[in-house]
1. Residue by residue through segment 58-103, note down the ones that are assigned to a loop (DSSP other than H, G, I, E, B), touching a residue at least 60 places away in the same chain (Cβ under 8 Å) and open to solvent by less than 30 Å² (accessible area, probe 1.4 Å).
2. Please list, ordered by residue number, the helices (runs of 4 or more DSSP H) wholly in segment 129-236 having 2 or more residues that are crowded, with 20+ Cβ neighbours inside 10 Å and in contact with a strand residue (DSSP E or B) (Cβ under 9 Å, 6 or more places away or on another chain).
3. Run ASP119 past the list (1) touching a residue at least 24 places away in the same chain (Cβ under 8 Å); (2) over 29 Å from LYS196 (Cα atoms); (3) not aromatic (Phe, Trp, Tyr) and report the number of the one that doesn't hold.
4. Would you pick out the residues in segment 123-164 that are out of contact with any Pro (no Cβ under 8 Å at 6 or more places or on another chain) and of a type in the set (Gly, Ala, Ser)?
5. Do we have VAL286 as closer than 21 Å to THR8 by Cβ, touching a helix residue (DSSP H, G or I) at 6+ places or on another chain (Cβ under 9 Å) and among the β-branched types (Val, Ile, Thr) here?
6. Working only within segment 258-272, note down all residues that are open to solvent by less than 40 Å² (accessible area, probe 1.4 Å) and of a type in the set (A, V, I, L, M, F, W, C).
7. Being part of a loop (DSSP other than H, G, I, E, B) and either out of contact with any strand residue (DSSP E or B) (no Cβ under 8 Å at 6 or more places or on another chain) or in contact (Cβ under 8 Å) with a residue 40 or more places away in the chain (or both): is that true of ARG44 here?
8. Mind checking which residues of segment 15-41 are touching a residue at least 40 places away in the same chain (Cβ under 8 Å), farther than 23 Å from ASN289 by Cβ and part of a loop (DSSP other than H, G, I, E, B)?
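The values are calculated or read from the model by the stated rules, or taken from the named source; none is laboratory data. This is a predicted model, so every value here is computed, not measured. Cβ placement follows ideal geometry from the backbone for every residue including glycine, while neighbour counts extend to all protein chains displayed. Heavy atoms of the whole protein, side chains included, go into the accessibility calculation; ligands, DNA and RNA do not. Shrake-Rupley method; radii C 1.70, N 1.55, O 1.52, S 1.80 Å.
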Amino acid sequence: MEQAVYHTPALLDATIDALNVRSDGTYVDVTFGGGGHSRAILSRLGNNGRLYGMDQDMDAWSQRVQGDARFTFVHGNFAYLQNFMRYYGVDEVDGIVADLGVSFHHFDTAERGFSFRADAPLDMRMNRAAHLDARTVLATYSQEQLADVLYLYGELRQSRRIADALVKARETAPLTTTGDLVKVLTPMLHPAQEKKELAQVFQALRIEVNGELDALRRLLEQSLRVLSVGGRLAIITYHSLEDRLVKNFMRSGNTQGKIEKDFYGRVNNPLRVVNNRVITPSDDEVARNPRSRSAKLRVAELVSRPDKADSPNNKS
């Protein structure tokens, strides 16, 4: 039986080209996954180059690069990037790459609960050691909290109606599997939009369970203190919430997206946007890898480093 592909990275060549990899540089792939981006970076590194591959899911350990002294696997959430780099004695790096979202492995491993296409436990944790799972969210959140999660993270217009149905359903019987959840949702969904809206609900719960947007904000903020001047940040997003946050950060240098100017009216941004137009997959890539369809790559270069001591997140 042929082994399933762990993950096929989107925009692989464009991402590695945009990183402008130096042979003796130090890089971090903060979403190691199946190791596609990491192996491509290693192919451009010389003997003095270094690569750290981070992943909070220990399943990625099986995909790690073995027998290469230039590579170190780091089990951890990229929200703590700066702490991990300190631990390994790294003051600054020449590039950071993040391929956000969910790997093929998560979607295709039914028992992880990320997909509505198979009946499985309501889990959705990227880090299986984490305490919060989708079942707990659906069992304990108030109707208002559920509605907020669905609206903010799933961008569902009928979030309040769905939240009401979920609360009423759990009063009759606990929602323990993805099948239980789909059974509650299906009667409220238009047949032509059913798959799209199911995906939006599952996305919203997954983001909440894993604290994805908060982790992304922390990664972006720490990138200003971890990158060397001239170092590059390359991020691939898959939905508008991530992409908006990344775009605004790269244009402003802060996660609020607030453009700050100096006394002379010049924009005060430690970053330079490398690709003013977002990079998306070609038709050929989408044909080969349909799951890359929604991928967007944005790249920025650090042009000045803020004072670490002045950063409010220095202790993160």
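1. Taking segment 58-103 and keeping what is assigned to a loop (DSSP other than H, G, I, E, B), we get 64-70, 76-77, 88-92, 100-103.
Now restrict to residues that are touching a residue at least 60 places away in the same chain (Cβ under 8 Å): 77, 90, 92, 100-103.
If the condition is that a residue be assigned to a loop (DSSP other than H, G, I, E, B), touching a residue at least 60 places away in the same chain (Cβ under 8 Å) and open to solvent by less than 30 Å² (accessible area, probe 1.4 Å), then VAL90, LEU100, GLY101, VAL102, SER103 are the ones that fit.
2. Details: elements: 134-140, 143-154, 159-172, 178-185, 194-210, 212-226.
Those helices (runs of 4 or more DSSP H) span 134-140, 212-226.
3. Evaluating ASP119 over (1) touching a residue at least 24 places away in the same chain (Cβ under 8 Å); (2) over 29 Å from LYS196 (Cα atoms); (3) not aromatic (Phe, Trp, Tyr) leaves (2) as the failure.
4. ALA129, ALA130, ALA134, SER142, ALA147, GLY154, SER159, ALA163
5. On the way: closer than 21 Å to THR8 by Cβ: yes; touching a helix residue (DSSP H, G or I) at 6+ places or on another chain (Cβ under 9 Å): yes; among the β-branched types (Val, Ile, Thr): yes.
So VAL286 fits the description; yes.
6. Passing the criteria: only LEU271.
7. It is true that ARG44 is part of a loop (DSSP other than H, G, I, E, B) and either out of contact with any strand residue (DSSP E or B) (no Cβ under 8 Å at 6 or more places or on another chain) or in contact (Cβ under 8 Å) with a residue 40 or more places away in the chain (or both).
8. The answer is ASN20, ARG22, GLY25.
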